[in-house]
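*Asks:* A single structure is presented below for examination.
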Amino acid sequence: MSQSRAQSSVVGVALLLGFTLLVVGATVTLGYGAISSSTDAVAVNQAENSLSQFDSAASEVALGSSDARRVDLGGTDRGVRVSDAGRLTVSVTNLSTGTPETLVDESLGAVVFSRGDRQVAYQGGGVWRDGQVVSPPEVHYTDGTLTLPVVTVHGAASGSDLLVRRGGDPVRVFPTGNHSNPFTGMRVNVTVSGPYYEGWATYFRERTDGTVSVDETERTTTLTLTNPPPQTPVEAGVISGAAGTTLQGGADIDGYDSREGDYVATKAETGRVSIAGNIALSNGGHLRGNLTVGGTATIDGGSTVTGAVHYGGSRPTVTGGGSVGTLSSGATPLQPASTAGAVRTMVDEARSRNDNGDVSVIDGTTLNCDDDPCTIPAGTYYLSGFNPDWHDVELNTTDGDVTLVVDGDFYLANGAKLSVTGPGRGDVYVTGDVDVTGGGRVSVPGDDATRFWLYPLPSSAVTFHNGVGYTGIVYGPGGGDQAGATITVESGVHVYGALVGNVRELANGAHVHYDHAAGASLPDTVSALEDPPASISYLHVSVEHLNVTDARAG
């Protein structure tokens, strides 16, 4: 008995000691973890304060207040380094031509403090921590003005005592050379890549009104600001930038006003034609209304202009039984700004954000019509082409506008009809060619052309083949010296609305009926975007290089 109790006592003491050691070990481990975590947090907070001081000194050097500044980061020397992380690009796109130009493409670099998996960094005139903004960068957007001094840092440092020097004179990038302020018709993109892209995205969203897009895969943030070309009403049934336009025998142009009634109820000799180049009316072509021409005008073979001919070049030639109403000089033809950039913007936006998945008639990016009509409700849709074969297509605008972005050709044939129903409008953007043929037609109740707009690129060819019908506006101006989308209207075609682009020929028996309601309606180049880019009129961009080294070595 005594020996058993003695063994139990020994075992109890051993268990007590083991438990005590376990508790002490766990306490020490947990305490060490808490102390370590607390130490890391203190170090990170100290790094934020120190790099904010560095930010202030660097700004003085970058903006010219001082040629060099010495900065002591205190106890943050452990883990401090100069990194080449990050890149910033600034590009502008001419919305009339769609031509992009890169203004800046610079490695930003950074001064980085690391502790475990946490980082605090100075980059681009700001301080960033784990994707958040500690101190804002030197980027400012106010009332349509973007000021962007691109501050880069390079060098080598291993201690906490740093010397910041200018790496040369600042380089002004915009305005300079061919670029001036204020401007119109331009899109500006600022893209930042690298480990702090999320912080830049946060800053852009909070401090600008621009569109901010993030690519998680590429680790990039892009800020977009746009100043679109001015939008103008369509004030003529034919507006052409072509060098030459021909109205052949039997071609006929008149007018009506869908605000008052359909074509039959309101038709009148109120057609309007505006040609930047030359025009020839031959073999009985008739313009029942007014003509404005920038080049020469020839009216012969029994052709007529019932109203006024306003000419900017030489006096029109009227021969062979041709006739005009009145003549007046000093005319300026209409020259709407190109929508090329707007079409490309719509394509880019709709490709990434669209409502394709909400309708059964679109499979991926392909229109698949099994029923007549094939109904497309309100929304924005991205298609790789438009060809419903013989099926009718209805754009149902009861709940809002319908926007089709066709990144390819638009083909309406085999008697197919595209119609707009409901109170809204249909807008179709096309990057390829447009063919309405084989009895195809576009129709809108009441012949209201302002409810259907077709926007081809200036490089597109638009052809209305023999006998088809079209109610709507074709809006493809080139802007400036560009003629615009090449538009051909063949024999027997009836267009109710307007044609804007490079209208080369109205064939024998072709008809254009100008809807005067278009004169009070504007093209819609941005409102279909989910997040229209904010406007910008003034841009100031410069590049400032900083060199960072150990102060004791320099």
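Bear in mind these aren't lab numbers, they're just calculated from the coordinates by the rules spelled out. If you're wondering where the values come from, they're calculated on a predicted model, not measured in any experiment. Because the Cβ atoms are built from the backbone with ideal geometry, glycine has one as well, and the counts that use them run over all protein chains shown.
*Asks:* Give the distance, in whole Å, between the Cα centre of the stretch 87-155 and the Cα centre of the stretch 489-526.
*Replies:* Going from one Cα centre to the other spans 47 Å.
*Asks:* Local charge sum around Val139 (other residues, Cβ-Cβ under 13 Å, Lys/Arg +1, Asp/Glu -1)?
*Replies:* Here the count lands on -1.
*Asks:* Any chance you could give the angle, 0 to 90 degrees and rounded to 10, that helix 2-62 forms with the longest Cα principal axis of the chain?
*Replies:* Approximately 50 degrees, to the nearest 10.
*Asks:* In addition: Which residue, chosen from Thr226, Thr549, Phe174, occupies the Cα position most advanced towards the positive end of the dipole of the chain, where the dipole is computed from +1 (Lys, Arg) and -1 (Asp, Glu) charges on Cβ about the Cα centre?
*Replies:* Thr549
*Asks:* May I ask for the net charge around Thr488, where only other residues with Cβ less than 15 Å from the Cβ of Thr488 are counted and Lys, Arg are +1 while Asp, Glu are -1?
*Replies:* Overall, the nearby charge balance is -3.
*Asks:* Which value, in debye to the nearest 20, describes the size of the charge dipole of the stretch 312-370 about its Cα centre when Lys and Arg Cβ atoms bear +1, Asp and Glu Cβ atoms bear -1, and nothing else is charged?
*Replies:* Using only the charged Cβ atoms, the result is roughly 580 debye.
*Asks:* Placing +1 at every Lys and Arg Cβ and -1 at every Asp and Glu Cβ, with all other atoms neutral, what dipole size does the chain have around its Cα centre, in debye to the nearest 20?
*Replies:* Approximately 1580 debye in magnitude.
*Asks:* Ok, one more. Which entry in [x] 30.9; [y] 39.3; [z] 24.9 matches mean projected area of the Cα convex hull in nm² derived from the coordinates of this structure?
*Replies:* Looking at mean projected area of the Cα convex hull in nm² for this model, the match is [y].
*Asks:* Sorted by average packing, counted as other Cβ atoms within 10 angstrom per residue and highest first, what order do 280-291, 380-391 take?
*Replies:* With the highest mean Cβ count within 10 Å placed first, the list reads 280-291, 380-391.
*Asks:* Quick check: the angle from helix 197-207's long axis to the longest principal axis of the chain, C-alpha only, nearest 10 degrees?
*Replies:* 60
*Asks:* What is the order of Trp200, Trp453, fewest Cβ neighbours within 10 Å to most?
*Replies:* Least to most surrounded, the residues fall as Trp453, Trp200.
*Asks:* Compare the peptides 106-114, 315-323 by average per-residue count of other Cβ atoms within 10 angstrom and give them in order, highest first.
*Replies:* Put in order of decreasing packing, that is 106-114, 315-323.
*Asks:* Arrange the following residues from fewest to most other Cβ atoms within 10 Å of their Cβ: His513, His310.
*Replies:* His310, His513
*Asks:* So what is the 222 nm mean residue ellipticity for the chain from helices alone, if each DSSP H run of at least 4 adds -39500 (n - 2.57) and you divide by all residues, rounding to the nearest 500 deg cm²/dmol?
*Replies:* It lands at -5500 deg cm²/dmol.
*Asks:* For Asp169, what is the net charge nearby, where nearby means another residue's Cβ is under 15 Å from its Cβ and Lys, Arg count +1, Asp, Glu -1?
*Replies:* Here the charged neighbours net out to +1.
*Asks:* Give me Glu269, Glu101, Glu505 sorted ascending by neighbouring Cβ count inside 10 Å, so fewest comes first.
*Replies:* Fewest-to-most ranking of Glu269, Glu101, Glu505: Glu101, Glu269, Glu505.
*Asks:* Roughly what % antiparallel, to the nearest 5, for the DSSP beta bridges in the chain?
*Replies:* 35
*Asks:* Students often check this: by mean Cβ neighbours within 10 Å, which of 248-257, 175-184 ranks highest, and how do the rest follow?
*Replies:* Listed from highest to lowest mean packing, they are 248-257, 175-184.
*Asks:* Then there is this: For the chain, what does the relative contact order come out to in percent, with C-alpha contacts under 8 Å and a separation of six or more?
*Replies:* Relative CO of the chain lands at 16 percent.
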